[in-house]
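What follows is a set of notes on a single structure, which appears directly below.
FYI, it's all coordinate maths here, none of it is from the lab. All figures in this text were calculated on a predicted structure; none of them were measured in a lab. Backbone-built Cβ (ideal geometry, glycine too); neighbour counts: all protein chains shown.
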Amino acid sequence: MDTLRDKVAVITGAASGIGRATAVSLAGHGARIVAVDRNTAGITALADELDALAVTTDVADPSAFNAVRDRALSRFGRVDIVMNNVGVLTNGLPQDIPVHEWRRIIDINLMSVVYSNEAFLPLLLEQGEGHIVTTASFAGLFTYSYDRMPYAATKAAIVQITEGLALYLRPKNIGVSLLCPGPVLTDIATAVPTFGAGTALRTPGTQYELLDPATVGDLVADAILRNRFFVPTHPHVVEDLRRRVDDWDAYLDHQISRES
């Protein structure tokens with residue numbers, strides 16, 4: 001995609017954090033924004049700021065994305081970019097997180113991507129152009145904790161889905177980007193449900209600094225323009241991935257031994 005001017009971007013989780021920052025960045029490049037979130041106040045404020053379309057919905061609802069698509073088409077006449085950015089955490093030891101919480105996380109983090117693809121892929125394929133961005137996580141690339149297994153499992157699945165989409169869609173002139181955030185200053189860790197006694201939220205490591213969401217929003221805009229697949233917020237994560245593939249057992253031992 002050689003320009004973002006007048007492109008229509010649907011962004012879920014747009015009320016705050018990375019979603020909001022990406023909306024601001026894309027709008028700064030001339031894109032028109034469809035801001036999707038269940039936080040009405042957040043996306044209404046964003047819509048006022050960017051002259052965007054705000055759509056309040058629950059992305060875990062199987063019918064949500066059909067309604068988002070229809071409202072976007074009614075307002076703008078097309079959709080060019082879809083960013084599946086919603087993600088929620090839960091906290092607890094593996095034996096303490098109940099099945100119903102697994103289902104909740106899977107419905108929000110993973111099935112929302114499935115529902116989005118069902119609604120938007122036919123549209124993009126018919127247009128013969130467009131771009132899809134999915135937000136995974138460092139936790140979907142390598143394991144650094146056992147306190148958020150449902151979250152990590154869904155993000156790992158999103159990595160696989162996105163790579164498969166790239167194989168299928170890139171030859172059809174539709175770009176695909178996988179955003180993998182490390183530590184970013186968002187509100188994802190606020191009001192996290194805790195099960196059992198809970199456990200401290202481990203980070204991927206002190207080598208990864210906490211980033212401002214605006215930096216990540218600009219990375220997404222650049223990835224769309226350059227048709228780049230892998231978009232890590234901290235490029236040196238590749239060093240961790242190389243160490244793991246070189247000796248997975250030694251890497252696990254390292255992760256077990258470290259304190260943060």
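In summary, the convex hull built on the alpha carbon positions of region 16-145 has an orientation-averaged projected area of 8.9 nm². Once the GluC sites (Glu not before Pro) in DSSP loops with at most 12 neighbouring Cβ atoms within 10 Å are cut out of the chain, the longest remaining piece is 1-208. Within the shell defined by Cβ-Cβ distances under 10 Å, the residues around residue 201 carry a net charge of +1, with Lys and Arg each +1 and Asp and Glu each -1. Packing-based ranking of 134-142, 212-220, 90-98, 9-17 yields 9-17, 134-142, 212-220, 90-98, ordered from highest to lowest mean Cβ neighbour count within 10 Å. Potential lengthening of the chain between residue 123 and residue 73 amounts to 17.0 nm, from the contour at 0.36 nm per residue minus the alpha-carbon distance.
For the chain, the longest principal axis of the alpha carbon atoms and the long axis of helix 237-246 meet at an angle near 50°.
Here r is the Cβ-Cβ distance between residue 191 and residue 63 and R0 is 25 Å; the resulting FRET efficiency, rounded to 0.05, is 0.45.
Applying the Kirkwood pairwise sum to the alpha-carbon positions of region 145-238 produces a hydrodynamic radius of 15.2 angstrom. Evaluated on the chain, the Kirkwood hydrodynamic radius is 18.6 Å, with distances taken between all distinct Cα atoms. Pairwise alpha-carbon distances in region 206-260 exceed 13 Å for 69% of all pairs. Protection proxy ranking of 105-113, 180-188, by the mean of other Cβ atoms within 10 Å over each peptide's residues and highest first, is 105-113, 180-188.
For region 30-103, taking Cα atoms only, Rg and Dmax work out to 15.6, 49 Å respectively.
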